[in-house]
Amino acid sequence: MSAIALREIEGRSAGYYGLLAGLGLIMLLGLGSAYTMEEHGHVVTGMDNQIVWGMPHVFAVFLIVAASGALNVASIASVFGKTEYKPLSPLSGLLALALLAGGLMVLVLDLGRPDRLVVAMTHYNFKSIFAWNVFLYNGFFVIVGAYLWAMMDYTGTRYVRAAGMAAFLWRLILTTGTGSIFGFLAARQAYDSALLAPMFIVFSLAYGTAIFLLTLIAACRGAGRELGDALLKRLRGLLAVFVAASLYFVAVFHVTNLYITQHDGFERFLLLEGGVHTFLFWTVQVGIGGAAPLVLLLHPALNARRGALVLASALVVIGGLAQMYVTIIGGQAYPLVLFPGMQETSGFYDGQVHGYAPSLPETMLGLSGIAVALLIVAVSVKMLRFLPERLADTAGEH
Amino acid sequence: MIVALTVAAAATAAYADAGRVPTPKIVIEKGGKCVEDVAVMRRNHMEFLKHQRDDTMRRGIRSTKHSLQQCIDCHASRKTGSVVGSNENFCQSCHAYAAVKLDCFECHSTKPKAAAAAGTAVAKGNP
Amino acid sequence: MSDVNRGRRQFIGWGAAALGGLTLAPGVMLFAPAQARAPEEAASSRVRWGLLIDTTQCDGCTACIEACRRENHVAAPSRKTDPQWIRKVELKDLRSGKTHSAPVMCQHCEHPPCVDVCPTGASFKRADGIVLVDRHICIGCRYCMMACPYKARSFVHEALTDQNPDVPRGKGCVESCTLCVHRVDRGRNPACVEACAAAGRNAIVFGDLNDPNSEIAKRVATYASTQIRADLGLNPGVRYQGI
């Protein structure tokens with residue numbers, strides 16, 4: 001195939017600087033929120049001793065899961081040998097690193113003692129999946145960084161396949177780790193399932209591909225680079241498969257739970273009586289984030305339109321955030337059962353569904369994770385050669 | 001490090017003349033000797049405290065020689081009853097001068113045990 | 001310390017405990033832990049501290065909760081963000097309608113999930129079975145709170161003052177019942193146990209589950225007792241009698 005040149009974007013337009021300013025502003029608001037939370041304590045958030053993890057975790061876990069999925073495109077080129085994706089690989093790797101950085105920033109700034117980050121890096125309890133994740137995240141930066149170098153520096157070309165394989169395996173382990181953070185929580189009915197690890201991997205494929213598509217289309221449009229339909233058609237097909245697989249895993253997860261009588265209470269809560277959680281599950285996660293994108297991606301009258309692809313990708317992202325909210329907040333909202341067969345009441349809210357009203361600071365902190373990720377991408381594509389000069393259908397054909 | 005401390009202790013006047021931050025006025029109202037030499041304490045108190053903290057917390061060893069409680073019992077100001085609060089107070093005076101963050105008192109009481117316990121007279125009144 | 005010395009110390013301890021038991025006011029039975037260690041002696045894994053809570057002796061009284069707050073300088077809770085180290089859970093059997101009242105605190109598990117999940121090792125179990133948080137390396141991630149089946153842990157959501165010098169606690173860290181470790185190390189009973197006895201109920205017994213001669217071990221060996229969520233296999237040091 002003929003080589004497709006990668007080139008930095010011009011990055012001098014008002015639109016580009018406007019984008020940087022907008023994202024920068026959101027980032028600053030997020031940092032200000034984190035400062036407020038650090039200064040006053042978590043009392044300024046909606047989180048409490050019942051809803052322990054809140055909005056920051058919804059965004060952080062979403063971004064971390066999406067990060068590993070954003071590496072898809074590069075993996076398809078390097079590991080599965082589909083050379084037509086090769087020009088997109090560097091952007092794919094960059095997006096993966098940026099999303100992980102954004103997610104981790106949120107996670108770290110939400111800690112009760114963010115000033116002790118160095119403790120988290122120097123004290124490890126190796127029985128903790130959380131401690132493993134610290135290694136997995138750091139390793140991801142190193143391996144994907146090396147992979148990017150191999151792809152972008154001509155002296156590294158011969159290492160691309162090996163680095164790509166390492167990155168692919170690492171991201172599978174990483175998302176297994178992320179899913180297991182919840183899967184290992186044996187005491188809570190909403191978690192306690194080995195299924196969470198593979199399910200998170202499938203989610204990551206969908207979220208990462210959707211965010212990659214949105215980034216690619218926006219970047220090509222903003223930088224005035226040609227983007228052919230042939231490549232998008234392939235990615236559209238992939239996204240549809242990933243969204244369908246996500247729905248399948250969600251169905252298996254809940255049907256399994258429904259069969260286990262002990263978990264009937266939780267399932268009734270989530271699927272029928274959970275108020276906002278029920279709404280977010282059926283309407284946003286399954287409807288808007290699952291069924292609607294499938295229609296947009298697969299319906300013959302729509303699937304040729306780029307607008308439909310953009311909309312479908314955006315809906316997958318929205319559905320993904322809803323999914324994380326339902327998993328993280330919904331899972332905690334349903335009370336722990338200490339004494340099965342007994343009705344429990346106490347001054348510590350035993351036996352009752354826990355409400356959660358996210359405050360502005362914690363939501364702002366979460367949003368700033370997305371802004372930071374996009375900011376890293378926006379700045380990087382101007383500094384280094386991440387984006388192909390042209391991806392017209394005729395470019396790079398055999 | 002050692003040099004810096006010696007210089008700081010010995011050459012107060014020279015530094016004050018040079019318009020530097022004045023060395024702290026360390027007021028120790030309680031007489032008697034510290035559990036170690038002053039020079040040793042100045043240099044190593046953090047190590048003693050850290051060692052003691054792990055022994056006490058992790059292993060339940062409650063000897064008092066190097067315990068933070070013991071420091072506070074002797075060094076809390078008679079006026080304010082605390083080791084921090086103003087640059088006159090024992091811990092804060094030096095830490096402010098050396099610009100070293102003092103993290104103990106986010107969690108630990110700043111008051112001598114007797115004074116802090118008196119604050120909870122209710123508990124004492126319980127049979 | 002030599003074994004002879006330790007044995008002598010223990011002997012003196014038993015003697016003191018026996019004397020103490022004799023001289024106590026009628027109606028108030030305190031089961032003082034026999035092995036009051038020397039201050040410089042480390043906690044031993046030969047001991048397994050535990051509580052036995054007899055819910056048949058427990059009603060709407062909240063003496064244990066109030067004593068805990070006073071002892072550990074934990075303010076009475078008014079908001080969902082306020083820490084609670086011990087709470088009374090009112091139970092009603094859904095089929096028979098029988099009601100119980102059970103104080104629930106950290107269950108001091110033999111296999112504590114909070115210790116397993118803690119990324120830094122801040123959650124730890126002492127040799128004598130007491131589960132604690134090392135606030136010096138707690139980063140405030142709250143994963144332990146997600147993992148605890150008993151909701152025993154609280155996160156400190158705002159700055160605190162006027163701590164008990166024996167009970168450090170502060171903003172941004174997770175905390176829970178320490179079994180009054182500062183008292184236990186000095187040979188005293190936890191505050192809740194003392195208060196329950198003082199209120200004339202004696203519903204909570206504290207002692208060494210490993211010592212066959214201790215009151216708690218004898219009662220556990222004699223009467224049926226249960227552990228909360230025994231299905232999880234965590235072997236809590238806190239047991240309940242009467243539920």
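The values are calculated or read from the model by the stated rules, or taken from the named source; none is laboratory data. Nothing here was measured: the structure is a model prediction, and the numbers come from that model. Here the Cβ is made from the backbone with ideal geometry for all residues, glycine too, and neighbour counts use every protein chain on show. In case anyone asks, the SASA skips ligands and DNA or RNA and just uses the protein heavy atoms, side chains included. Shrake-Rupley method; radii C 1.70, N 1.55, O 1.52, S 1.80 Å.
Taken residue by residue, the stretch A:307-328 has at least one member that is surrounded by 15 or more Cβ atoms within 10 Å (Cβ to Cβ) and within 14 Å of another protein chain (Cβ to nearest Cβ).
The one condition from (1) surrounded by 23 or more Cβ atoms within 10 Å (Cβ to Cβ); (2) touching an Asp or Glu at 6+ places or on another chain (Cβ under 7 Å); (3) within 19 Å of C:I228 (Cβ to Cβ) that C:P112 does not meet is (2). Applying the condition of being open to solvent by less than 30 Å² (accessible area, probe 1.4 Å) and in a helix (DSSP H, G or I) to the stretch C:55-70 and asking which residue is nearest to A:F339 (Cα to Cα) yields C:T55. Any residue in the stretch B:66-92 that is touching a residue at least 12 places away in the same chain (Cβ under 8 Å) sitting within a Cβ distance under 9 Å of a residue that is open to solvent by less than 40 Å² (accessible area, probe 1.4 Å) and among the acidic types (D, E)? List the pairs, counting only those 6 or more apart or interchain. Listed pairs, sorted by first residue: B:H66/B:D55; B:Q69/C:D166. Among the residues of the stretch A:35-45, the one identified as among the acidic types (D, E) and crowded, with 18+ Cβ neighbours inside 10 Å is A:E38.
Among the residues of the stretch C:219-240, those identified as away from chain A (no Cβ under 14 Å), in a helix (DSSP H, G or I) and of a type in the set (A, V, I, L, M) are C:V220, C:A221.
Could you check, for the stretch C:175-182, whether at least one of its residues is surrounded by fewer than 24 Cβ atoms within 10 Å (Cβ to Cβ) and at the interface with chain A (Cβ under 9 Å from one of its Cβ atoms)? Taking every residue of the stretch C:175-182 in turn, none turns out to be surrounded by fewer than 24 Cβ atoms within 10 Å (Cβ to Cβ) and at the interface with chain A (Cβ under 9 Å from one of its Cβ atoms).
Selection of the stretch A:68-108 for residues being in contact with a Phe, Trp or Tyr (Cβ under 7 Å, 6 or more places away or on another chain) and either hydroxyl-bearing (S, T, Y) or not in a helix (DSSP H, G or I) (or both) yields A:S75, A:V79, A:S92.
Residues checked against (1) outside any loop (DSSP other than H, G, I, E, B); (2) within 14 Å of chain C (Cβ to nearest Cβ); (3) under 23 Å from the mean Cα position of the chain (by Cα); (4) buried (at least 20 other Cβ atoms within 10 Å of the Cβ):
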{"position": "A:G18", "(1), (2), (3), (4)": "yes, no, no, no"}
{"position": "A:A21", "(1), (2), (3), (4)": "yes, no, no, no"}
{"position": "A:L29", "(1), (2), (3), (4)": "yes, no, yes, no"}
{"position": "A:S33", "(1), (2), (3), (4)": "yes, no, yes, yes"}
{"position": "A:M47", "(1), (2), (3), (4)": "no, yes, yes, yes"}
{"position": "A:V52", "(1), (2), (3), (4)": "no, yes, yes, yes"}
{"position": "A:P56", "(1), (2), (3), (4)": "yes, yes, yes, yes"}
{"position": "A:V61", "(1), (2), (3), (4)": "yes, yes, yes, yes"}
{"position": "A:A66", "(1), (2), (3), (4)": "yes, no, yes, yes"}
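For the stretch B:90-116, the set of residues classified as more than 8 Å from every other protein chain (Cβ to nearest Cβ) and either farther than 20 Å from C:L160 by Cα or in contact with a strand residue (DSSP E or B) (Cβ under 7 Å, 6 or more places away or on another chain) (or both) consists of B:F90, B:S93, B:C94, B:H95, B:A96, B:Y97, B:A98, B:A99, B:V100, listed by residue number. Residue count for the stretch C:168-189 satisfying the condition of being closer than 20 Å to C:M145 by Cα and not in a loop (DSSP other than H, G, I, E, B): 2.
A:A218 fulfils the conditions (1) under 21 Å from the mean Cα position of the chain (by Cα); (2) touching a residue at least 12 places away in the same chain (Cβ under 8 Å) except for a single criterion, (2).
Looking across the stretch B:59-79, not a single residue is basic (K, R), assigned to a helix (DSSP H, G or I) and more than 7 Å from chain C (Cβ to nearest Cβ).
Does A:V353 satisfy the condition of being in contact (Cβ under 8 Å) with a residue 40 or more places away in the chain, in contact with a Phe, Trp or Tyr (Cβ under 7 Å, 6 or more places away or on another chain) and in a loop (DSSP other than H, G, I, E, B)? Against the criterion (in contact (Cβ under 8 Å) with a residue 40 or more places away in the chain, in contact with a Phe, Trp or Tyr (Cβ under 7 Å, 6 or more places away or on another chain) and in a loop (DSSP other than H, G, I, E, B)), A:V353 qualifies. If we scan the stretch A:141-156, do we find a residue that is surrounded by 22 or more Cβ atoms within 10 Å (Cβ to Cβ) and either in contact with a Ser or Thr (Cβ under 6 Å, 6 or more places away or on another chain) or on the phi > 0 side of the Ramachandran plot (or both)? The answer is yes; a qualifying residue exists.
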